[in-house]
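Participant: My questions all concern the structure below.
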Amino acid sequence: MLKKIIKHRIIMFKEDIFEEKTDNILDYQNTCSEFITDISKDYKDWVDRYNLENKESERRKNIINTTIHNTNEWIHKYGNDIKKIDVIMNDGINKMAENTAGYPFSFKISIDQSTRYIFHMAGKIKFNIKAIPREGRSIQIGRYDKENVVLFNSNTNKATYSIPEESFRPADLLDDYIVIDTSECDVGDIISFTVVAEEIKDNTHVTERRGISTIILIVNKR
């Protein structure tokens with residue numbers, strides 16, 4: 001239900017923007033920044049609907065607030081064209097949705113000690129995917145949807161990715177890598193990717209699935 005509501009709001013927003021779309025980058029930055037702030041209220045309302053313990057509810061809302069701040073900061077600092085702004089905005093929406101739902105199992109994607117927001121020079125970037133299922137279950141990487149293994153958005157078509165085939169098979173522990181090849185990217189290019197992990201019971205059916213969205217800014221060339 002939440003996905004349908006949010007998807008409808010995003011579609012309506014994009015239709016309105018399409019009609020009014022401007023070449024003025026500052027105007028578009030401000031419009032998308034306001035939309036991020038506005039749509040965050042839907043996610044916070046949904047957190048309330050889960051009737052969580054106060055501490056957990058507050059934690060999720062605080063993460064949403066941090067996502068608003070970070071997304072809007074990236075929009076204004078690094079969104080110097082409309083495509084980049086769209087990538088940053090959609091990444092922020094994904095992050096709010098992910099943290100509204102929470103994670104019933106341990107799941108992390110990182111490079112070195114950095115997560116979620118990455119600054120990196122162009123080249124092959126190796127991200128560690130780590131997931132631990134709950135007792136009596138196994139874990140694997142799942143498809144984002146019928147068309148996409150990973151949700152992969154960028155202002156450029158020069159970035160590619162690869163995931164080991166073994167990651168798509170149920171295991172007691174997932175500790176693998178996704179490689180994002182940005183060797184041909186330019187400084188200032190932005191890539192957002194979302195990887196989904198699935199918790200499996202009896203090696204037959206998915207009991208839970210969650211995504212993690214990570215955004216990368218290319219800051220230097222080798």
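The values are calculated or read from the model by the stated rules, or taken from the named source; none is laboratory data. Just so it is clear, the structure is predicted and the values come from calculations on it, not from any experiment. Neighbour counts run over all protein chains shown; Cβ positions are idealised from the backbone, glycine included.
Participant: State whether the residues of region 181-191 include one that is part of a strand (DSSP E or B) and over 21 Å from the mean Cα position of the chain (by Cα).
Facilitator: Step one: list which residues in region 181-191 are part of a strand (DSSP E or B), which gives 181, 190-191.
Checking which are over 21 Å from the mean Cα position of the chain (by Cα) leaves us with none.
Within region 181-191 (the criterion being part of a strand (DSSP E or B) and over 21 Å from the mean Cα position of the chain (by Cα)), the answer is no, since none of the residues qualifies.
Participant: Looking at 193, 119, which is the one that is surrounded by 14 or more Cβ atoms within 10 Å (Cβ to Cβ), closer than 24 Å to residue 96 by Cβ, out of contact with any Cys (no Cβ under 6 Å at 6 or more places or on another chain) and aromatic (Phe, Trp, Tyr)? Give the derivation first.
Facilitator: Numbers: 119 fails: surrounded by 14 or more Cβ atoms within 10 Å (Cβ to Cβ).
When all the criteria are applied, what remains is 193.
Participant: Here's something else I'd like to know. Checking residue 77 against (1) under 30 Å from residue 175 (Cα atoms); (2) out of contact with any helix residue (DSSP H, G or I) (no Cβ under 9 Å at 6 or more places or on another chain), only one condition comes out false. Which one?
Facilitator: (1)
Participant: Of the residues 97, 122, which is under 27 Å from residue 85 (Cβ atoms), touching a Lys or Arg at 6+ places or on another chain (Cβ under 8 Å) and assigned by TED's automatic domain parsing to the domain that holds residue 76? So that I can check it myself, show each step before the final result.
Facilitator: Values: 122 fails: assigned by TED's automatic domain parsing to the domain that holds residue 76.
The conditions single out 97.
Participant: Give the residue, chosen from 163, 132, that is in contact with a Phe, Trp or Tyr (Cβ under 9 Å, 6 or more places away or on another chain), of a type in the set (Val, Ile, Thr) and closer than 18 Å to residue 213 by Cβ.
Facilitator: Working: 132 fails: closer than 18 Å to residue 213 by Cβ.
Exactly one residue qualifies, and that residue is 163.
Participant: Also, quick follow-up: Restricting to region 95-133, what's the tally of residues that are of a type in the set (D, E, K, R) and at pLDDT below 95?
Facilitator: Here is the first cut: in region 95-133, the residues of a type in the set (D, E, K, R) are 95, 98, 108, 112, 116, 124, 126, 130.
Narrowing the set further to residues that are at pLDDT below 95 leaves 112.
Final tally of qualifying residues: 1.
Participant: Right, another one. Can you pull out the residues in region 49-73 that are out of contact with any helix residue (DSSP H, G or I) (no Cβ under 7 Å at 6 or more places or on another chain), farther than 16 Å from residue 98 by Cβ and not in a loop (DSSP other than H, G, I, E, B)? If you could, list the steps in order and put the result at the bottom.
Facilitator: Taking region 49-73 and keeping what is out of contact with any helix residue (DSSP H, G or I) (no Cβ under 7 Å at 6 or more places or on another chain), we get 49-56, 58-59, 62, 65-66, 69-70, 73.
Cutting the leftovers down to farther than 16 Å from residue 98 by Cβ gives us 49, 51, 53-55, 58, 69, 73.
If the condition is that a residue be out of contact with any helix residue (DSSP H, G or I) (no Cβ under 7 Å at 6 or more places or on another chain), farther than 16 Å from residue 98 by Cβ and not in a loop (DSSP other than H, G, I, E, B), then 49, 54, 55, 58, 69, 73 are the ones that fit.
Participant: Tell me, yes or no, whether region 163-172 has at least one residue that is in a strand (DSSP E or B) and either under 20 Å from residue 200 (Cβ atoms) or within 14 Å of the chain's Cα centre (by Cα) (or both).
Facilitator: From region 163-172, those in a strand (DSSP E or B) are 171; that's our starting set.
Narrowing further to those that are either under 20 Å from residue 200 (Cβ atoms) or within 14 Å of the chain's Cα centre (by Cα) (or both): 171.
Within region 163-172, one or more residues are in a strand (DSSP E or B) and either under 20 Å from residue 200 (Cβ atoms) or within 14 Å of the chain's Cα centre (by Cα) (or both).
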